[in-house]
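All remarks here apply to the structure that follows.
Laboratory data are not the source of any read-out in this text; all were calculated from the coordinates shown. Just so it is clear, the structure is predicted and the values come from calculations on it, not from any experiment. Here the Cβ is made from the backbone with ideal geometry for all residues, glycine too, and neighbour counts use every protein chain on show.
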Amino acid sequence: MIFINFAFVPARWVVRCLLIMLLLAIGSGSLPALAATGHASEANLALPELSDVSLVTFLGGTSGWTLLSYGLWVCFGGLVFGAMIYRQILRLPVHRSMAEVSELIYETCKTYMITQGKFLLILEAFTAVIMIGYFSFVQQLPVPDVGLILAFSLVGIAGSFAVAWFGIRINTLANSRTAFAALAGKPYAVYAIPIKSGISIGMLLISTELLIMLCILLFVPPALAGKCFIGFAIGESLGAAALRIAGGIFTKIADIGSDLMKIEFGIQEDDARNPGVIADCAGDNAGDSVGPTADGFETYGVTGVALISFIMLAVPEPSVQVQLLVWLFVMRVMMIVASGISYLGNQVLAQRLYGEKARFNFESPLTSLVWITSFVSLIITFIVSYLLMGNFALAGKAYPNLWWQLSLIITFGTLAGAIIPEVVKVFTSTTSAHVREVVIASKAGGASLNILSGLVAGYFSAFWIGVIIIGLMSGAYIVSQYDLTAVINPDYTKAAMMAAVFSFGLVAFGFLGMGPVTIAVDSYGPVTDNAQSVYELSMIEQLPSIEAEVKRDFGFDLNFRTAKFLLEENDGAGNTFKATAKPVLIGTAVVGATTMVFSIVILLTSGLTENLDKLSLLHPPFLLGLVAGGATIFWFSGASTQAVSTGAYRAVEFISTHIRLDEVVKASQKDSKKVVEICTIYAQKGMINIFMAVFFGTLACAFIEPFFFIGYLISLAIIGLYQAVFMANAGGAWDNAKKIVETEMHAKGTDLHNASVVGDTVGDPFKDTASVAMNPIIKFTTLFGLLAVEMAVGLQAQGNQALVLLLAAVFLAINLVFVFRSFYCMRIVAKKEGQFTTYPF
């Protein structure tokens, strides 16, 4: 078991306390001025009374509240489903040597998670200061109400943290079971165990998220529910952003540090003598399990909150509000059912097709799972919409086409969830022509052409995914201009714009229609990656009388050669499907953020009645905001990569001087612990610098000028989309090019392999650090900025323009300090062995 002492330098606490005191001082001096303003607020909107049958009823007289209360039982069923699969995996056969390795990985991950949990609470303190000031002074809510909002913010953080913890627990059980199953030489079990682990995470994650949101909707007073949704969404965005950033930095420091030893010492993948392997295994979970799980939890919730906010702002008729809210949540409930049915059906199909085969393409059953879920979701969407909205009427006029038009809009998003992974595979799969071109280029051009070919794959993938998203959103826009426009708002001019934006939010909603399955195929990757490492670290091939022992205790003959081949090939499939899930989550963030940004626009323009001229390139602050958002994306990409680069340098420096190839058969726990410590230190430093820069940067942009902030958010989302997709898919191409060299060409230890390893290490921070963390960063900035921009507008309404600009300057100065630190305090500086650079953050 690995225990790490993460002692904090006292100066860190001093700096944090000073920053919190600064925020409190600003709040106490400026927020009371907002109390007297009558500025409309997104968080100030009261939800309609769902139990009021005089507004609307469903299915022959059932109130919306009663109908949604049945959804709680479906959520509990999803939790039970996930728990049952967890128990099934726990009971699968595994040799003790492999179980011991997976437990060591879990203990390392557990130590990392506890450390990150402490940091999350510190970050929550900063956010809580703004939330307390806003809801106490601006909204003038009583203390119990503010306490409830903060409690839901903590629930959001706890939810992200808890599902991430569950993910590493079940994945570290599944990795050893998968490794052991491979020894029988049959590929089906090598596929079935990781996807079973993944669907357990997916069902538990979505069920937990929906259960919390239903509890807010059903049991929190309507006047307070909207505020609790905002608090919950900010909390889960904070948790996801921090875990994504830190996990992405940790995993790639460990991965690069471990991989480069293959070049320097000519050793094999996951050589037990390499002290970096345990850190690499822990990093697979920190980056590829913890981060995506928390990200998925946050994405599902924030998209829902964006749609709820938009409905309350754009739709004036309470009966229409109730019908849309109930329809949305019932659709979410049914998507849990759709994913469960699809998974069970696909397993039956996969068992029949592949159960007895000696070899098959591991990507095939995963692809069929995605498409089956897509079609089942599509059918359920139309059926449920017809039952709930088939008799929709407003002011005595029937709208018989609304149900299928809403269904069709969601279907565009559902199809995106299936089509985008197929497009990603064109650029990242081991069968992809682009990936094979990376290999071919490496034969003659070494690492240089390897890197250039991977960049080309990333650029082209960003173009085509952009085309697909544009096409699907255009289809949603066209459909929205009929019955949805007629019912969303009585003012046709406003209604046409509002219906279009609402349709974009529904596309994002459709992206997540296969939520449990999207999470399942994403979680497949870290299990397959770890399974290889568990196999090597267990040193099961060297155990005395192991063949006889396994035959006696487990009833099958060992096949070491086939086991290694199956695990390596399955890891390629895992890499591909990790890559396919990333653009889906990123696309959802961008499309969903569009809805939230438009909600802010409605507030700033008093319902699209004034200041519309400021939403133009002719309004200089708006144009400058567009420029600032793009700059932020490239700063973030550089800062996160810088943290990986410096941390990896320290890891390589340590590993290369402590690896013992002639004296030992396995690295010492002391050396492995030190590598984990290096990864954690730089993950924390990078996370703090980046998060604080984002936090104060959001405040600065919101206070500079409201429409500057709108431009900033739009640019952040659009440029972030293309940058993230480019980086994710370029990294995926490099990763699987290395896999082809290793599994198909059996060229380990050659110059070609060395070139592919270099390309893979370049791609590591691309695909698993910078790109994936943009998703929660975009959503946290949008949600947190909602409160910040309302504070700024309130101060301006009181005639305190000078104070607003002063605060903007203070926030910007603090932002630039952390931007500076993210580069220049994270540089690679030569130093004596054993020393670590320390500074306040």
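Structure notes:
- Dipole size of the chain about its Cα centre, with +1 on Lys/Arg Cβ and -1 on Asp/Glu Cβ: approximately 460 debye, rounded to the nearest 20.
- Remark: region 496-502, residue by residue, has Karplus-estimated 3J(HN,Hα) of 4, 5, 5, 5, 5, 5, 4 Hz, where x stands for each Gly or Pro and the curve is 6.51 cos²θ - 1.76 cosθ + 1.60 at θ = phi - 60°.
- Coordinate range of the alpha-carbon atoms in the chain per principal axis, descending: 79, 60, 49 Å.
- Here is how the number arises for the chain: DSSP H runs of 4 or more residues each give -39500 (n - 2.57), the sum is divided by the residue count, and the result at 222 nm is -28000 deg cm²/dmol.
- The angle separating the long axis of helix 143-182 from the principal Cα axis of greatest extent in the chain is about 30 degrees.
- Proximal charge balance of Ala294 [Cβ under 9 Å; K/R count +1, D/E count -1]: -2
- Within straight-line reach of Lys582, meaning a Cα separation under 23 Å, sit the following lysines at least 8 residues removed in sequence or on another chain: Lys196, Lys252, Lys425, Lys738, Lys739, Lys767, Lys779.
- Low-density loop positions, GluC sites (Glu not before Pro), region 264-359 - DSSP coil, at most 15 other Cβ in 10 Å: Glu356
- Mean Cβ neighbour count within 10 Å, used as a protection proxy, ranking 567-573, 697-703, 238-244, 80-86 highest first: 238-244, 697-703, 567-573, 80-86
- For Lys397, a cut-off of 17 angstrom between C-alpha atoms picks up these aspartates and glutamates, skipping any fewer than 8 places away in its own chain: Glu317, Asp483, Asp491.
- On Cα atoms only, tilt of 96-133 relative to the major axis of the chain in degrees: 20
- The trypsin sites (Lys or Arg not before Pro) of region 403-471 include none that meets both criteria, a DSSP state outside H, G, I, E and B (loop) and at most 12 other C-beta atoms within 10 angstrom of the site's C-beta.
- Segment Ala393-Ala631, extension gain: residue separation times 0.36 nm, minus the distance between their alpha carbons: 80.9 nm
- Cβ crowding within 10 Å, taken as a proxy for footprinting-reagent exposure, orders Glu742, Glu705, Glu49, Glu547 from fewest neighbours to most as Glu547, Glu49, Glu742, Glu705.
- Cα-based values for region 104-204, radius of gyration first and Dmax second, are 20.2, 66 Å.
- For region 732-835, trypsin sites (Lys or Arg not before Pro) meeting the loop criterion (DSSP other than H, G, I, E, B) and having at most 16 other Cβ atoms within 10 Å: Arg827, Lys831, Lys832.
- Helix 515-538 vs. the chain, principal-axis angle (Cα, 0 to 90°, nearest 10): 20
- Prolate/oblate/rounded label for region 178-310 (Cα gyration tensor, a/c 1.5): oblate
- Convex hull volume per residue in cubic angstrom - Cα atoms of region 467-595: 133
- Among Asp751, Asp529, the ranking by other beta carbons within 10 Å of each residue's beta carbon, starting with the fewest, stands as Asp751, Asp529.
- Residue order, fewest to most beta carbons within 10 Å, for Leu807, Leu260: Leu260, Leu807
- Three-way shape label, region 577-641, alpha-carbon gyration tensor, a/c 1.5: oblate
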